[in-house]
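The values are calculated or read from the model by the stated rules, or taken from the named source; none is laboratory data. In this text, all values refer to a predicted model and were calculated from it rather than measured experimentally. All Cβ positions, glycine included, derive from the backbone under ideal geometry; neighbour counts span all protein chains shown. Note: accessible area is taken over every heavy atom of the protein model, side chains too, but ligands, DNA and RNA are not part of it. Shrake-Rupley method; radii C 1.70, N 1.55, O 1.52, S 1.80 Å.
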Amino acid sequence: MPGRVILDTDTGVDDALAILLAMRSPELGIDAITGVCGNTPLDHCMRNILITLDVLDAGQKPVVARGEARPLVRELSFAGDIHGDDGLGEVTRLVDSEGTRVYPDPVQLESPIHAVDLILESADRHPDELTLVAVGPLTNVARAIMKDPERMRGLREIIIMGGAFETGGNVSPVAEFNIHADPHAAQIVCDSGIPLVFVPLDVTRQAFLDAGTIGRYAGEGSARATFVRDCTARYVAFHRRNRGVNGCFLHDPLAVAVAIREDLVTKVPARVDVETAGDLTSGMTVSDLRSARWGEPNARVCTALDVQAFIRLFEERVLA
Ligand code: BDR
Ligand code: CA
């Protein structure tokens with residue numbers, strides 16, 4: 001039986017790729033996709049989830065629910081330079097030779113239920129079965145914990161794309177975007193007692209997809225590969241400019257892949273906390289992966305990745 005999953009996302013370009021991978025994976029039963037502000041304002045995030053689902057020919061679409069539009073404490077900040085003003089690499093502006101939008105506004109409607117309530121209802125209905133894969137800031141997850149910590153402790157696990165442990169950050173020398181965008185929410189999740197798996201930059205920076213591979217599959221004409229090429233064009237250009245590589249990191253798809261095949265990664269138990277106050281270190285995931293002397297572990301942190309097996313999985317399911 002497929003594992004029951006809710007994907008919580010701030011859809012963004014690599015979030016869209018994570019949705020494609022999740023929906024194309026028979027091991028996962030995607031109960032719902034919930035949106036949260038992060039890479040892009042919440043309205044864009046919700047539209048991007050639905051546009052991405054329209055690229056798939058999936059007969060049954062998951063419930064899509066709107067979550068939090070602001071972080072718990074911190075001011076809003078987006079990542080338009082990486083994901084485009086629309087959050088999806090500007091594909092919403094793309095027109096064909098007749099001027100028709102290639103990726104029109106979606107027809108599927110959002111659920112009337114708020115994402116936080118939907119997460120709590122699912123946790124209640126399926127105790128010890130539901131995995132939450134969180135690939136955006138942890139605001140929805142923290143709000144659900146604040147509302148009903150007991151019900152949330154019935155989750156099987158939360159897999160979090162976030163943090164930077166033995167590598168540098170991507171919004172500051174020490175902080176990764178998802179944790180930095182709402183560090184107070186992240187600390188609430190760390191203190192929740194729910195089993196946590198962190199999929200940090202340490203491994204997602206190894207999850208590199210080459211632009212040539214994207215182009216090759218898109219040349220074969222599949223709708224999915226063409227969408228991947230269209231929405232990653234600016235994202236790849238960002239990586240080229242800033243990291244000197246011709247391709248992009250599959251941060252969020254890797255978190256989904258860990259839900260599909262946990263043997264893709266090596267995990268170590270660790271006590272993880274988040275800096276919520278520091279001027280220079282705000283949003284840092286604070287942990288010592290080498291030593292157990294700083295407290296009982298509250299998470300497992302991914303430290304190594306079978307890169308080839310992951311890229312093969314992504315190619316087979318999303319691009320082919
Ligand atoms: C994370 O931040 C976002 O920009 C990406 O979607 C990913 O979730 C990487 O730091
Ligand atoms: Ca994301």
Looking at segment 219-249 only, could you name the residues that are crowded, with 17+ Cβ neighbours inside 10 Å and within 18 Å of Val95 (Cβ to Cβ)? Thr226, Phe227, Arg229, Asp230, Cys231, Ala233, Arg234
In segment 14-42, the residues that are open to solvent by 10 Å² or more (accessible area, probe 1.4 Å) and among the β-branched types (Val, Ile, Thr): Ile30
Return the residue satisfying two criteria in turn: it lies in segment 20-65 and is among the small types (Gly, Ala, Ser) and within 16 Å of ligand 2 (Cβ to nearest atom), and of such residues it is farthest from Arg224 (Cα to Cα). Gly38
Hits in segment 141-172 - residues which are part of a helix (DSSP H, G or I), open to solvent by less than 10 Å² (accessible area, probe 1.4 Å) and more than 14 Å from ligand 1 (Cβ to nearest atom): Ala142, Ala144, Met152
For residues in segment 175-199 being of a type in the set (A, V, I, L, M, F, W, C) and over 11 Å from Val274 (Cα atoms), which is nearest to ligand 2 (Cβ to nearest atom)? Phe177
Going through segment 124-139 in order, the residues found to be under 16 Å from Ile33 (Cβ atoms), more than 14 Å from ligand 1 (Cβ to nearest atom) and not β-branched (Val, Ile, Thr) are Leu130, Leu132
Scan segment 65-87 and give yes if some residue there is within 17 Å of Val318 (Cα to Cα) and either in a loop (DSSP other than H, G, I, E, B) or open to solvent by 50 Å² or more (accessible area, probe 1.4 Å) (or both), otherwise no. no
Specify the residue that is surrounded by the fewest Cβ atoms within 10 Å (Cβ to Cβ); the eligible residues are those in segment 263-287 that are among the acidic types (Asp, Glu) and at pLDDT 95 or above. Asp263
Is it the case that some residue within segment 111-130 is within 30 Å of Arg261 (Cβ to Cβ), small (Gly, Ala, Ser), open to solvent by 10 Å² or more (accessible area, probe 1.4 Å) and part of a loop (DSSP other than H, G, I, E, B)? yes
